Every structure is written in structure tokens, then in C-alpha cells.
1. With a/c under 1.5 counting as rounded, go ahead and sort segment 121-186 into rounded, prolate or oblate using the C-alpha gyration tensor (a ≥ b ≥ c being the square roots of the eigenvalues; past the cut-off, prolate if a/b is larger than b/c, else oblate).
2. First check a/c for segment 17-214, with a ≥ b ≥ c the square roots of the eigenvalues of its C-alpha gyration tensor; if it is under 1.5, answer rounded, and if not, answer prolate when a/b is larger than b/c or oblate otherwise.
3. Report, to the nearest 10°, how far helix 168-179 tilts away from the longest principal axis of the Cα atoms in the chain, using its own Cα long axis and a range of 0 to 90°.
4. Round to the nearest 10 and give me the degree value, 0 to 90, for the angle of helix 301-312's Cα axis relative to the longest principal axis of the chain.
5. Which of Leu64, Leu244 has the fewest other C-beta atoms within 10 Å, and how do the rest follow up to the most?
6. How far, in nm, would the chain grow between Lys289 and Lys245 when pulled straight, counting 0.36 nm per residue and subtracting the alpha carbon separation?
7. Counting each DSSP H run of 4 or more residues in the chain as -39500 (n - 2.57), what helix-only mean residue ellipticity at 222 nm follows after dividing by all residues, to the nearest 500 deg cm²/dmol?
8. Given a Förster radius of 22 Å and the C-beta distance between Asp63 and Glu113 as r, what FRET efficiency does 1/(1 + (r/R0)^6) yield to the nearest 0.05?
Amino acid sequence: MNYFPTYLAIDEAFCNRKEELSRMIYNLKGNAPVLLISPRRFGKTSLALQAFKQIKWPYAHVDLYKALSQEDIEKYILNGVGNLLGQLESTPKKLLHLAGDFFASLQIKVVLEKAGVKLEFNQNKISATDTILKSLEKLHEIAKNKKKHVILFLDEFQVVGEIAKNNSIEAAIREAAQKSTHVAYIFSGSNRHLIEEIFNDKKRPFYKLCDHIKLNRINQDEYTKYIQAAFKEIYKDIINQESLKIIFELTECHAYYINKLCSLLSQNKILAHSKEILITWQRFVLENKSSIERELALLSLNQRKLLIFLANEPRITGLFSKELTQQVNLTSSSIQRAIATLIEKDYVYIDENKFYKILDPLIKDVLNNKF
Ligand SMILES: Nc1ncnc2c1ncn2[C@@H]1O[C@H](COP(=O)(O)OP(=O)(O)O)[C@@H](O)[C@H]1O
Ligand SMILES: [Mg+2]
């Protein structure tokens, strides 16, 4: 058993998130669309898949992250629909027949594949928006006739806002989602700024469509129980409080980094103690230094300057005092612009004590020269 997966955490590897899970299940059963929001790698996809496993409805996971054009979005969504049809129809022959009927009026060719059906598009087809709306409506009809509930999970949905020139795809999905009783719609988004533009703007179709579930970090007490139990299984030995404290300090309970660090530690033959934990993290930081530096090179000089400053000063509350602007060596208006972008891009967040904090503990440690 992999206790600390660095891809998705489901089944036994899924830690806590009990409240979010039950809210997901409640919404699924109540036919309410859901939006999952958090920065990258906090656990949106894991939570969604875990909820789908619990409720045991067929689902299609449509990851829009790699969509580069409106056509890609359309293709990905329709393949999700094809995948669901595959789960609604038991034999390949019936499926081909059903899907053939289903897509014929949309001028889409259907090819049978292992995971349902694959769709091939005709260049002169009807508009993308129409195709999406009609397919979603038909999917609903079929699910309803079969008295089955299915789930369409549109992951990394901010891409739609980024790519689509107008709101027509959103409008089509909203229309289908509002009428649907047998297709449940789950959306997720990592870029807060783009997601808020899509879902919180009164003028756009998704305004007030979904129950918004914001994922925070999993709390230390839950992780303590989980990590203790996992290391006990692996080493038949108990990880001490001091070691746990160091793990939490280094990773700041960021879901991905907790798993990354613990998975590196569990490669050792014996249970690691504080010193080895620190060395392991240090090695990890150094190994990733150049790729982080490449990523940060894309920020403006002022943004980088401010980020480096915050990496070294973890207890900053006000950013615009004269003393501070001198210290950072930027004008107060430059700081204002830089911090707005850093927050918008999820590099920085304001914590419960109103401190400006760097969101990613790896980036923080690459920048603060502690190692
Ligand atoms: N509930 C959880 N319990 C344990 N680890 C988790 C949990 N949720 C996420 N993780 C870990 O965090 C990382 C990112 O999870 P993922 O679901 O891909 O996040 P997102 O979809 O928000 O980018 C993965 O390494 C995963 O193993
Ligand atoms: Mg994800």
C-alpha cells in the first residue's frame, strides 16, 4: 500500500476531509452542482474522486487542464459524455447502437473503444455550443430513462474562461445543468482569480449556479493520526512528536508536500528522526531549486523582489509603511501592484493572523536561503 501517493489520494490514502466529503455527497444526492476551489495540489481532484467512489455512481473525469482551444474543450467534454454512455450501456454492440443514434444528429462519428466510445468530428458541424448542449441534454435523457445517476466532473474549469472568447460554452453547460436531474455536475478550479470571474460575476452564466466548497489545508491533528498510523504500519515503530512537528513546519500542511516528504522518508530502511527529516527536505529543496527558479523567472522583477522579501520575513502584516517600502526598495504603488498579482496567482496568501505568507513551502525555502 502506498500511504503517501504524490499523484491522487483516494481510498486508504485519503486523509480526513470528512466535512467536505459529506457536503459533496449531500449535493450529489440533492442534484446541486458543486464548485471545488483551492490552489493547485490541495486535494480537489482527490476529494471529488473519493466522493464518487463513495456514492458509487458512474462518473467521467474531464480534465480540461490541457485544453488549448475551444475545439479541445468541446472534444474533451464530448469524450466525457461518450465515457458515461459506455458506463450506462452494458454490451459493446448496444453501446455502439446507442451512441450512433445519440451522435448521428450532431454529425459526429462514433468509434468503439475500451473506455466507452471515442468521437470523431466533422469539420462542418454545427456550433460547438449547440453540440455540447445537445449532447448533455441527450445524456440526461438516457440516464433518466435508465433510472441511473451519472456524474460529469469538469476539472480545472478555469481553462474554459481563459480560452473561450465568449460565454457561450458556459451558457450551454448552465442550461444543461439546471435542467438535469440525472447528470450531476461537479466543477473544480485552481486559479482563484479566473474561477471567481466565471462563477461570481453577475453577468456570467455560472453566477449562483453552484455550491462553492473551498478547500483549506488538512489540519495537523488529522495528519498526526494518519502519519502515525502509516509509519507504524511501515516500521512497526512510533514516530515521535518532535519529528511530526518538523514535518508540519517544513511542509506547512500543504497536502502535496506532506505526501512528498513522507514518501521520501518512507524509502529509508529505518524510521527517520528530526535530523534526517531536515536533511531529506533540504535535499528535496536543492534538487528542485533550478526548476523553481525557472518558474519564478516568469514573474516581473518587482514581483520577484517582493516574493524574496516575504520568503525571508514570515511575519509581515502591513506592506505599505515607509519603513517597509525602504526595506524592499520599491515604491508603495509598485508594492501594491506586485502583491495584487502575487495573491491573484496564488504565490502569496494572507493567513489567519493577517501575515503575508508564501503559499508553496518549496518556493519559500528555495527563496529564503535557509539551506
Ligand atoms: N485528502 C487527502 N489526504 C491525503 N493526501 C491528499 C489528500 N488530498 C490531496 N492529497 C495529496 O495532495 C496532492 C494533490 O492532490 P490533488 O487531489 O491532485 O489536488 P488538486 O486537484 O487540488 O490539484 C496529491 O499528492 C495527493 O496525494
Ligand atoms: Mg486536480
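1. Working: a/c = 2.25, a/b = 1.41, b/c = 1.60.
In terms of gyration-tensor shape, oblate.
2. On the way: a/c = 1.77, a/b = 1.25, b/c = 1.41.
Oblate shape, in that a/c is at least 1.5 and b/c is the bigger or equal ratio.
3. Helix 168-179 and the main axis of the chain meet at about 70 degrees.
4. The two axes meet at around 60 degrees.
5. Values: Leu64 22, Leu244 18.
Going from least to most buried by this count: Leu244, Leu64.
6. Details: separation 44, 0.36 × 44 = 15.84 nm, distance 2.41 nm.
Separation in residues times 0.36 nm, less the Cα-Cα distance, equals 13.4 nm.
7. Values: 16 runs with 200 residues, N = 371.
Using -39500 (n - 2.57) per qualifying helix, the result is -17000 deg cm²/dmol.
8. Working: r = 17 Å, r/R0 = 0.79.
So the FRET efficiency works out to roughly 0.80.
Quick note: the coordinates plus some simple rules give every number you see, no bench work behind them. The structure displayed is predicted, hence computed values, not measured ones. Don't worry about glycine lacking a Cβ; one is built from the backbone with ideal geometry, like all the others, and counts go over all protein chains shown.
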